[in-house]
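Here's the structure we're looking at; comments come further down.
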Amino acid sequence: MSKLRASAREALADVLRDGITIAVGGFGLCGIPSDLIEVVRDSGVTGLTVVSNNMGVDGKGLGLLLESKQVEKVIASYVGGNSLFAQQYLDKTLDVEFVPQGTLAERLRAGGAGIAAFYTRTGVGTPVAEGKPHAEFDGRTYVQERGIVADVALVHAHTADRAGNLTYRASARNFNPIVATCGRVTAVEVEHLADDHLDPERIVTPGIYVDRLVVATQRTKDIEKRTVRPRATV
């Protein structure tokens, strides 16, 4: 059965419903699945739990789902540049679970690998560890963290073949490969669809993890924060 869908809307048509958990690849605005995020917004589903490194910025990326008030809980590493995210958290209209960035990555990877939980030293003695099981290993205290399995995973890749094998470009690789593994249904938007199978030595995400594949809409890629100096004039 072909994994290729005609549009992002078709790719998610039968999997979106109220109250589901959605894991989303990307870091800020880098490597985010913009088409798929917009489909989630347009679907009108509510009560979502979103797992992502952060929630984009105001009016872009996952910030769109905050504006439409479709998100009930966020599991993320930091607020980032999204003032609405910060405001909803402070107003207690949004449930937020902050997770150290490396721990979040490992929780996603563990979920994709079928690992229910693991122990880490990160967060021990801080609010991150409150209410969680602890254990001693080699004389050091560790805290237990649960693996994350999402109902739907949304991923952005640079190149794919029709079997769903994926490669990523530069820093857009970020969280996308681990998010791709942890979804019960994984939908991928890809910039370039190869005519032939990708070189096995270059594949980052094997197609076995991918359920739906769609060619991304061409768009200008947003830059979250410019830090360049003005161009010198002669």
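The values are calculated or read from the model by the stated rules, or taken from the named source; none is laboratory data. As the structure is a computational prediction, the values presented were derived from the model and not from experiment. Cβ sites come from the backbone with ideal geometry, for glycine too, and all protein chains shown count toward neighbours. Only protein heavy atoms, including side chains, enter the accessible area calculation; ligands, DNA and RNA are left aside. Shrake-Rupley method; radii C 1.70, N 1.55, O 1.52, S 1.80 Å.
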- Item | Where only alpha carbons of region 34-137 are counted, the Rg and the Dmax (Å) | 15.1, 48
- Task: Subtracting the Cα-Cα distance from 0.36 nm times the residue separation, let me have the gained length for residue 58 to residue 162 in nm, one decimal.
- Result: 34.0 nm
- Which residue fluctuates the most in the chain, going by a Gaussian network model with Cα springs under 10 Å, if the choices are 31, 61, 131? 131
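Share of the chain's accessible area from carbon and sulfur, percent, 1.4 Å? Show your work: numbers first, answer last.
Details: 6000 of 12270 Å².
Taking all protein chains in place, the chain shows 49 percent carbon and sulfur surface.
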- Please find the FRET efficiency linking residue 229 to residue 169, where r is the Cβ-Cβ separation and R0 is fixed at 25 Å, and quote it to the nearest 0.05. 0.50
- Note on the structure: Cross-link reach from residue 221 to lysines, straight Cα distance under 28 Å and at least 8 residues apart if same chain, gives 3, 60, 69, 73
- The alpha-carbon pair-distance distribution computed for region 1-89, with 10 angstrom bins and whole-percent values, is 18, 53, 24, 4, 0
- Message: As a test of the formula, what do you get for the chain when each DSSP H run with n ≥ 4 contributes -39,500 (n - 2.57) and the sum is divided by the residue count, at 222 nm and rounded to the nearest 500 deg cm²/dmol?
- Response: -5500 deg cm²/dmol
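Averaging sequence separations of C-alpha pairs under 8 Å and six or more residues apart, then dividing by the length of the chain, give the relative contact order as a whole percent.
Details: 527 pairs, mean separation 53.4, N = 234.
Rounded, it is 23 percent for the chain.
At most 12 other C-beta atoms within 10 Å and a DSSP loop state: those are the exposed GluC sites (Glu not before Pro) I care about. Give me the longest piece of the chain that has none.
Details: sites that count: 130, 201.
With a cap of 12 other Cβ atoms within 10 Å, the longest stretch comes to 1-129.
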- Of the residues 90, 154, 36, which exhibits the maximal mean-square fluctuation in a Gaussian network model of the chain defined by a 10 Å Cα contact cut-off? 90
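Taking the Cα centre of the chain as origin and charging only Cβ (+1 Lys, Arg; -1 Asp, Glu), how large is the dipole, in debye to the nearest 20? Walk me through the numbers before you get to the answer.
Values: 27 positive and 28 negative charges, 103 e Å.
For this selection, approximately 500 debye.
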- Using only the Cα atoms of the chain, each taken as one equal point scatterer with no solvent, compute I(q) by the Debye sum, divide by I(0), and report log10 of the ratio at q = 0.07, 0.08, 0.11, 0.13 Å⁻¹. -0.24, -0.31, -0.57, -0.78
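Work through the residues other than residue 27 whose Cβ is under 15 Å from its Cβ and net out their charges, Lys, Arg +1 and Asp, Glu -1.
Values: positive: 60, 169, 173, 221, 225; negative: 222, 224.
That works out to +3.
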- Task: With a point put 7 Å past each Cα toward its Cβ, work out how far residue 92 is from residue 116 in nm, to one decimal.
- Result: 3.4 nm
